[in-house]
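Down below is the structure, laid out as structure tokens.
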Amino acid sequence: MGKVIYLDNNATTQCAPQVVEAMLPYFTEKYGNPSSIHTFGGENRHVIDHARHTVADFIHAQYDDEIIFTSCASESDNTAIFSAVRANRNKKHIITSAVEHPAVMEPFRYLQTQGYRVDYIGVDELGRFNMDQFKAVLDEDTALVSIMWANSETGTIFPIEEIAKLTHEKGALFHTDAVQAVGKISVDVQAAGVDMLSLSAHKFHGPKGIGVLYVKRGTRFLPYLMGGHQEKQRRAGTENVPYIVGLAKAAELAKKRLADGTMEKVARLRDQLEQGLLRNIPDVKVNGDPAHRVPNTTNLSFGYIEGESILMYLNDFGVCASSGSACTSGSLEPSHVLRAMKVPFQFAHGSIRFSLSDQTTQEDIEVVLKELPAIVKRLREISPFSRMA
Amino acid sequence: MWDYTDKVMDHFKNPRNVGTIPNADGTGQVGSLVCGDALRLTIKVDKQTDVIEDAKFETFGCASAIASSSILTEMVKGKTIADASKITNQDIANALGSLPAEKMHCSVMGMEALEAAVQSYRQGGKPVVFEQEQEKIVCKCFNVSEEAIIKAIRTNHLTTVEDVTHFTKAGGACGQCKGEIQKILDKVNGANQQPQAVAKTYEQMTLVEKIKAIEKVLEEDVRPKLNLDGGSVELVDLNGTTVQVRLTGMCSGCAGAQGTLKNFIEKVLQDRLSKNLTVEQA
């Protein structure tokens, strides 16, 4: 495999070298169990406390103990959702959006089979949250509202502060899956007024296999994993010290990038890519809300051709991206996000998501701008629908 | 990432016979933009010998759809209409080495386009769109007829609903027709099997059947709810109509245990099996 042009950073990111370096001692010489009574293990307790503080600071949590370390954001999502309904048994209504990650969607579907009333709030053609529908269904019987901060496929940012405020007015709990927001835009749990938030380290140059559930103090909480005193009895299991250290290091670096203009640079490259493709290829359409979008993501639909074919040609140039097309996943329908946005069918099957990072270079963008128009042209020559264009 | 064979990649990257034959003797179309894949096949036929002299395709779809179409044009060239009509989707997949199970419907699309093109030739060349028999549409999302499903089951020896979805796309979207697909599978594959025993009432069951029936209800309707609270239940014994159970996990020692036994477990067993059943803590 030649040079990799990695434009799939919403799927995962490269673990930063500083992160790896910070983690290594905790695999080898500092392998103690933080729960041990001896100094050798007990010192790692302080290491975790320090990491917890770094993460709390990163998302502007008021107290360090509001941070619970988990194995991934999917675990955080599941924990938050089941805790919210089990701690509020008298309420039988829960709300989420139609464009969530499966880690939120599937628990909601399961709870629906267990007798819960579930509302899935829709989006408009730009992927914007339908606030009117939300206000109409929210009521005193609502136990939980779980709405993602930013969408993984289109990058569209939802008005979390307003949704949280409305949720609290009806006395319900508010959880947000912020996996695609954290590290890309400033996330302030206090300003936004969220009760619970999920994040994952590997989306911002941390390691895979470590996540966080933020639970605001005073929130009624029941654990998902039982059988240990760790994390104040809220998440059983020996603390994953090296990964917790890696997560904290990644948070520290991400905080710096958000402050020093790096993400603006990423946005400029993203815009250059998007504008260049729109200019040089006919029948291309942007999916998402350009006015409220994370800085690294663009989702483009190439009319009359199919996404997997585009990706496989891009792969020849080392370009890594992803598609919401049916064929890439092995499912038979285009992505649920694009369908919720009612993207026309001639465009839904040909969507490509490019997600950049601070490591993306001008040269990377130029390769795509140079190669993609010819790929699209070639596939359209094979397609029986091109002449409809 | 799909494990495509070299042959699939070759035909995807270097598709043979792309385009449309002007004044074709047969034109077959299948699929649409909505479905996510579509194929238009045109053929030129020597009217004297019925031999297909040329074939061209245009395809909207993924790598395996393009490869299936491309190899199909190579397969039909030089064959008589009668021989070409015998090509099955399995022949197309075999010619490509293989296709991932989830992509077999691409080879079915090739077979259907060929069927339509042959029909078009026989009717004098007017383009034919491959159509499922409207009155027997099983999968409304992808417009798949009972006939197409039966054909896929017979040709490819399919045994599960998932297989049928991979080959025909039926059941791949909303999933509402999965029950009906299972019935078709049972009908096609079950011809030689023993007929199902007529369902007995609880009272007619043997002791072993009764225990199995109770265990089934506990597993399907009771444990999922108890599991939500971190608890579960075990079947300990059956004395006449008295079901003895043991609550476990968070349910054991729970203050509401008696309520769980009587108002929930007993009620479910009565509803599902017999009004005479009572439940007791073992």
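Read the figures in this text as sums done on the coordinates, not as results from a lab. Only a predicted model underlies this, so the values are computations on that prediction, with no experimental measurement involved. Cβ: placed from backbone, ideal geometry, glycine included. Neighbour counts: every protein chain shown.
Would you work out if region A:1-150 is rounded, prolate or oblate? Take a ≥ b ≥ c from the square roots of the eigenvalues of the alpha-carbon gyration tensor; rounded if a/c is under 1.5, else prolate when a/b is larger than b/c, oblate otherwise. It comes out oblate by the Cα gyration axes.
Is there a pair in A:170/A:232; B:216/B:267; A:342/B:103; B:200/B:225; A:342/B:151; B:216/B:275 whose C-alpha atoms are over 22 Å apart, and which pairs would that be?
Numbers: A:170/A:232 29 Å; B:216/B:267 15 Å; A:342/B:103 25 Å; B:200/B:225 27 Å; A:342/B:151 34 Å; B:216/B:275 17 Å.
As for pairs spanning more than 22 Å Cα to Cα, those are A:170/A:232; A:342/B:103; B:200/B:225; A:342/B:151.
About the Cα centre of the protein assembly as shown, what is the dipole size in debye to 20, counting +1 per Lys and Arg Cβ and -1 per Asp and Glu Cβ, all else neutral?
I would put it at about 460 debye.
Sites listed here are trypsin sites (Lys or Arg not before Pro) in region A:27-94 whose DSSP assignment is loop and whose Cβ has at most 13 other Cβ atoms within 10 Å: A:89. Excluding same-chain neighbours fewer than eight residues apart, the aspartates and glutamates reachable from residue A:30 by a Cα-Cα span under 16 Å are A:21, A:43, A:49, A:239. Under 5 Å from the amide H of residue B:279 lie the amide H atoms of B:243, each residue being 5 or more positions distant or on a separate chain, with H modelled from the backbone and absent for Pro and chain starts. Karplus-derived 3J(HN,Hα) values for region B:153-167, using 6.51 cos²θ - 1.76 cosθ + 1.60 with θ = phi - 60°, are 5, 5, 5, 10, 6, 7, 10, 10, 4, 4, 4, 4, 5, 4, 8 Hz; glycine and proline are entered as x. Using the alpha carbons alone, the radius of gyration of region A:119-258 stands to its Kirkwood radius in an Rg to Rh ratio of 0.99. Cα gyration tensor of the protein assembly as shown, axes a ≥ b ≥ c as square roots of the eigenvalues: rounded (a/c below 1.5), prolate (a/b > b/c) or oblate? Because a/c hits 1.5 or more and a/b fails to exceed b/c, the protein assembly as shown counts as oblate. Exceeding 19 Å between C-alpha atoms, which entries from my cross-link table qualify? They are A:184/A:216; B:44/B:77; A:203/A:256; A:285/B:140. Violating the 19 Å Cα-Cα cut-off are A:184/A:216; A:285/B:140. Using the Karplus relation 6.51 cos²θ - 1.76 cosθ + 1.60 with θ = phi - 60°, the per-residue 3J(HN,Hα) values for region B:77-88 come to 4, x, 8, 6, 3, 5, 5, 4, 4, 7, 5, 9 Hz, with x marking Gly and Pro.
Considering only beta bridges that DSSP places wholly inside chain A, some 55 percent are antiparallel.
Taken as Cα centroids, region A:282-296 and region B:87-147 sit 37 Å apart, rounded to the nearest whole angstrom. For region B:202-281, the square roots of the Cα gyration tensor eigenvalues, ordered a ≥ b ≥ c, give a/c of at least 1.5 with a/b greater than b/c, which places it in the prolate category. Normalised by 2.2 N^0.38 Å, where N is the number of residues, the C-alpha radius of gyration of region A:17-258 stands at 1.01. Within a straight-line Cα-Cα reach of under 13 Å, residue B:136 can be paired with the following aspartates and glutamates, leaving aside sequence neighbours fewer than 8 residues apart in one chain: B:146, B:147, B:180. The amide H of residue A:293, built 1.01 Å from its N in the peptide plane, has A:157 as neighbours under 5 Å, considering only residues 5 or more places off or on other chains. Amide H contacts of residue B:26: B:43, each under 5 Å away and 5 or more positions distant or on a separate chain (H built 1.01 Å from N in the peptide plane; Pro and chain starts excluded). Once you list every other residue whose beta carbon is under 10 Å from the beta carbon of residue B:274, what net charge do they have if Lys and Arg are +1 and Asp and Glu are -1? It works out to a net charge of +1.
Over all other residues within a Cβ to Cβ distance under 12 Å of residue A:311, the charged ones net out to -3, with Lys and Arg as +1 and Asp and Glu as -1.
Taken one residue at a time, the phi angles of region B:265-280 give Karplus couplings (6.51, -1.76, 1.60, θ = phi - 60°) of 5, 4, 5, 4, 5, 5, 5, 7, 10, 7, 4, 7, 6, 10, 10, 10 Hz. Gly and Pro are set to x. Between residue B:254 and residue B:174, the simple spin-label model (points 7 angstrom out along Cα→Cβ) gives 3.6 nm. Each of A:133, B:101, A:240 was placed along the dipole of the protein assembly as shown (beta-carbon charges, centred on the mean Cα), and the one lying farthest toward the positive end is A:133. Distance between the C-alpha centres of region A:79-136 and region B:33-79: 46 Å, rounded to the whole angstrom. Of the residues A:173, A:210, A:159, the one whose Cα sits farthest towards the positive end of the charge dipole of chain A is A:173 (charges of +1 on Lys and Arg Cβ, -1 on Asp and Glu Cβ, taken about the Cα centre). Estimated from helical segments only, the mean residue ellipticity of chain B at 222 nm is -11000 deg cm²/dmol, where each DSSP H run of four or more residues counts as -39500 (n - 2.57). Between A:243, A:313, A:120, the Gaussian network model of chain A with springs among Cα atoms under 10 angstrom shows the greatest mean-square fluctuation at A:313.
Divide by every residue of chain A the summed helix terms, -39500 (n - 2.57) for each DSSP H run of at least 4, and state the resulting mean residue ellipticity at 222 nm, rounded to the nearest 500 deg cm²/dmol.
Roughly -12000 deg cm²/dmol at 222 nm, from the helical runs in chain A.
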